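What follows is one structure encoded as structure tokens, with my remarks underneath.
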Amino acid sequence: DQIFCSSRQEIILDSVHVDSSSGLGSDHFPVLCDIKFCPSKKYFKTIEYRNLKEIDGDKFSSDLNGIIDGIDKNDSFAMQVQDLTSAVSILLDEHAPYVTKNIAVVDSAP
């Protein structure tokens, strides 16, 4: 029989016992064993995100329209894009500021 485990850690298999007295009436018997391993320590990383679900859409749209109306149409296209990008970044900081959070990093299954 085989024992499958999703852990990537070093595993020590100890005291394997085949229970042939189970009386299941089959040629398959339960295999009992103790498995010893040291789970890996969790490690954390810091992420930064905006909580966009909390934005008031009507207020954001109104403010965005004000920004678009305030762009100088006489500037070059490149300058208009730069001004709009800067203004929208500030608008996002007002409506959905960055939130910092520590999360545990979990190993994926093999």
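The values are calculated or read from the model by the stated rules, or taken from the named source; none is laboratory data. None of the values given here were measured: they were computed from a predicted structure. A quick note on method: Cβ atoms are made from the backbone with ideal geometry, for glycine too, and the neighbour counts reach across all protein chains shown. Accessible surface areas use protein heavy atoms only, side chains included; no ligands, DNA or RNA. Shrake-Rupley method; radii C 1.70, N 1.55, O 1.52, S 1.80 Å.
Placing dummy labels 7 Å off each Cα toward the beta-carbon, the span from Tyr98 to Phe60 is 1.8 nm. Extending 7 Å from Cα along the Cβ direction at Lys45 and again at Asp75 yields two label points whose distance is 3.6 nm. Probing with 1.4 Å while keeping every protein chain in the model, the per residue accessible area of region 28-110 equals 81 Å².
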